[in-house]
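Colleague: Please see the structure below; I have some questions.
Computed from the coordinates by the stated procedures, all read-outs in this text should not be read as laboratory data. Remember, predicted model here, so these are calculated numbers, not experimental data. Cβ: placed from backbone, ideal geometry, glycine included. Neighbour counts: every protein chain shown.
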């Protein structure tokens with residue numbers, strides 16, 4: 001493996017990695033809604049929140065026929081950056097998927113917190129969205145998460161045997177209570193979180 005590739009996988013020297021909380025759950029369970037609500041609540045409190053979304057399929061940021069589409073697909077450019085007065089986007093090819101920790105170190109290091117939607121197989125701490133109205137069991141109950149990685153649940157029912165923190169969807173203020181927990185667990189400067 002080349003030195004450049006090793007550097008790409010490990011992140012830049014001296015880089016900082018902010019705390020990462022993965023929001024996980026089964027398909028169409030409400031992960032995106034949860035991430036949006038938590039990001040909005042934490043941003044209102046003055047935190048710089050960034051989001052990393054994991055997809056299992058490829059994606060396109062621009063429709064076929066646009067200049068940037070042509071640069072990337074027809075020109076086979078290694079990277080295409082799009083810039084406008086209010087946004088910036090970078091599409092980059094890679095030979096293998098980078099770990100969420102590396103992506104965060106490289107591209108989201110100036111966040112106070114990164115909410116990562118997905119990455120259920122990682123060892124990173126997790127908040128699972130579980131709704132009995134949609135699926136009879138959670139990922140945690142199915143033992144589909146690495147042991148001890150699920151710290152909390154946003155749920156519509158009690159999850160038998162789960163000893164982490166649970167925020168019940170029937171409580172209209174669940175997102176604010178969950179934001180309190182995130183602040184205390186990931187954003188408070190103390191010896192355990194340093």
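Colleague: If R₀ is 30 angstrom, what is the calculated FRET efficiency for the pair residue 188 and residue 98, using the beta carbon separation as r and rounding to 0.05?
Modeller: That gives a FRET efficiency of 0.55.
Colleague: Could you check the simple spin-label distance between residue 88 and residue 134, using points 7 Å along Cα→Cβ, in nm with one decimal?
Modeller: 3.4
Colleague: So, one more: Between residue 76 and residue 123, what is the FRET efficiency for a Förster distance of 35 Å, r being their Cβ-Cβ separation, to the nearest 0.05?
Modeller: FRET efficiency, residue 76 to residue 123: 0.50.
Colleague: Which percent, nearest 5, of DSSP beta bridges in the chain are antiparallel?
Modeller: The antiparallel fraction comes to roughly 20 percent.
Colleague: Further question: Which of 138, 84, 149 moves the most in a Gaussian network model of the chain with Cα springs under 10 Å?
Modeller: So, out of 138, 84, 149, the one fluctuating most is 84.
Colleague: Under the definition of Cα pairs under 8 Å and six or more residues apart, what whole-number percent is the relative contact order of the chain?
Modeller: Over the chain, the number comes to 29 percent.
Colleague: For region 128-194 and region 74-94, write down the distance between their C-alpha centroids in whole Å.
Modeller: After rounding, the separation between the Cα centres reads 36 Å.
Colleague: Give me the one-decimal Kirkwood hydrodynamic radius in Å for region 84-176, with the sum taken over alpha-carbon pairs.
Modeller: 15.7
Colleague: Another question, then. With runs of 4+ DSSP H residues as the only contributors, calculate the mean residue ellipticity of the chain at 222 nm using -39,500 (n - 2.57) per run, divided by the residue total and rounded to the nearest 500.
Modeller: Mean residue ellipticity, 222 nm, calculated: -6000 deg cm²/dmol.
Colleague: Normalise the Cα radius of gyration of region 21-119 by 2.2 N^0.38 Å (N = residues in it) and let me know the number.
Modeller: Taking N as the residue count of region 21-119, the ratio is 1.22.
Colleague: Now a separate question. Given points 7 Å out from each Cα along the Cα-Cβ axis, report the residue 66 to residue 32 separation in nanometres with one decimal.
Modeller: Calculated label separation equals 1.7 nm.
Colleague: Continuing with the same structure: How large is Rg/Rh for region 125-194, to two decimals, with Cα atoms and a Kirkwood Rh?
Modeller: Checking Rg against Rh, the ratio lands at 0.99.
Colleague: Select one label from [x] 66; [y] 48; [z] 54: the one whose number is percent of Cα pairs over 22 Å apart as derived from the coordinates shown.
Modeller: Read-out from the structure maps to [z].
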